[in-house]
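Engineer: The structure's right below; bear with me while I get my questions together.
The values are calculated or read from the model by the stated rules, or taken from the named source; none is laboratory data. None of these values were measured; they are calculated from a predicted model. As a convention, Cβ positions derive from the backbone with ideal geometry for all residues, glycine included, and neighbour counts pool all protein chains shown. To get the accessible areas, we keep the full protein, side chains included, count just its heavy atoms, and leave off ligands, DNA and RNA. Shrake-Rupley method; radii C 1.70, N 1.55, O 1.52, S 1.80 Å.
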Amino acid sequence: MSALGRHEVASAARIVVKVGSSSISGANIAQIIPLVDALAEAHGRGVEIVLVSSGAIATGMPYLQLDERPTDLATQQAAASVGQNLLIFRYQDSLDRYDIVAGQVLLTAGDLENPSHRGNAHRAMDRLLGLRILPIVNENDTVATHEIRFGDNDRLAALVATLIHADLLVLLSDVDALYTRAPHLPGAERIDHVPCGDPMLGVELSGSRSGVGTGGADTKVSAARIAAEAGTAVLLTSTGLVAEALRGDPVGTWFEPALA
């Protein structure tokens, strides 16, 4: 795999897209439709697409009469058990408009650390993509413990992109790009391009979290570095700009990949 340039996004053969809980649950549940529209457009031109989607716990919370994300592991597992089924149904219901079939892939950190399990995951996703199925990946929150969790799905997405040798990883959030500090603060400047290995000195990374998610700008930059160092280009942008991102429009922040 040769390193993908920003001007080559439209020709990427294999892309991993990661979306967070806050973008597709609660008040933002309707964003699943335009997200699927963008994925289907890329799929329709022959791109092999993998979606890494958070949201199982957030989706299950209302059905457990929970107003906020539970803090104890057992309730998180219960919410995930209820929510994962509903989340996949919502994606498939929207994908039906394009006659695209989704495949559910649930992973724990231990799966990607164990050579045998890692090989099985690689083989399964390769086969799904070869069959033109759209894999939807999430952490297996129902069985994961604090000791074996990925910590956030940004890292999971980076590891999946590395596992399947993706050309591009698109990390979606509620911010259009990476900024030198939180974008609402005075003096914040948008970052268009991050060279491979750039230590990003002077950039203040926010670790803030939404009420239902677990990731922030710091986790996205950390994930971007994992993928970029493995040779996968990374684009960080907002969920609302996913269609433009997949078409190769000049949006978001581009993390230059290491040369193969």
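Engineer: How high is the FRET efficiency between His7 and Phe89 when r is their beta carbon distance and R₀ equals 35 Å, given to the nearest 0.05?
Structural biologist: Rounded to the nearest 0.05, the efficiency is 0.40.
Engineer: For segment 86-145, what is the accessible area per residue in Å², given a 1.4 Å probe and the full set of protein chains?
Structural biologist: On a per-residue basis, segment 86-145 sits at 49 Å².
Engineer: Could you tell me the calculated FRET efficiency between Ile29 and Val203, based on Cβ-Cβ distance and R0 = 35 angstrom, to the nearest 0.05?
Structural biologist: 0.60
Engineer: Let me ask another. Output the Kirkwood hydrodynamic radius of the chain, Cα pairs only, in Å rounded to one decimal.
Structural biologist: Kirkwood hydrodynamic radius for the chain: 18.3 Å.
Engineer: Let me ask something else. About the Cα centre of segment 1-110, how large is the charge dipole given +1 on each Lys and Arg Cβ and -1 on each Asp and Glu Cβ? Please answer in debye to the nearest 20.
Structural biologist: 240
Engineer: What share of all Cα pairs of segment 2-70, in percent, falls into each consecutive 10 Å distance bin?
Structural biologist: Answer for segment 2-70: a P(r) of 18, 39, 26, 13, 4 percent.
Engineer: With an 8 Å Cα cut-off and a minimum separation of 6 or more residues, compute the relative contact order for segment 1-115 in percent.
Structural biologist: Once normalised by length, the contact order is 24 percent.
Engineer: Using DSSP H assignments, which helices in the chain have an axial alpha-carbon span of 20 Å or above and a mean Kyte-Doolittle hydropathy of -0.5 or higher?
Structural biologist: Membrane-span-like by this criterion, though nothing is claimed about a membrane: 73-95.
Engineer: Shifting gears a bit: Between Asn120 and Ser81, what is 0.36 nm times their sequence separation minus the Cα-Cα distance? Round to one decimal in nm.
Structural biologist: Going from the current span to full extension adds 11.8 nm.
Engineer: For the chain, modelled as a Gaussian network with Cα springs under 10 Å, which listed residue fluctuates most, Gly83, Gly231, Gly187?
Structural biologist: Gly187
Engineer: Return the carbon/sulfur percentage of the accessible area of the chain, one whole number, probe 1.4 Å, all protein chains in place.
Structural biologist: With neighbouring chains kept in place, the figure for the chain is 53 percent.
Engineer: Please list, by residue number, every one of the GluC sites (Glu not before Pro) in segment 42-148 that is coil in DSSP and has at most 16 other beta-carbon atoms within 10 Å.
Structural biologist: Listed in order of number, the matching sites are Glu68.
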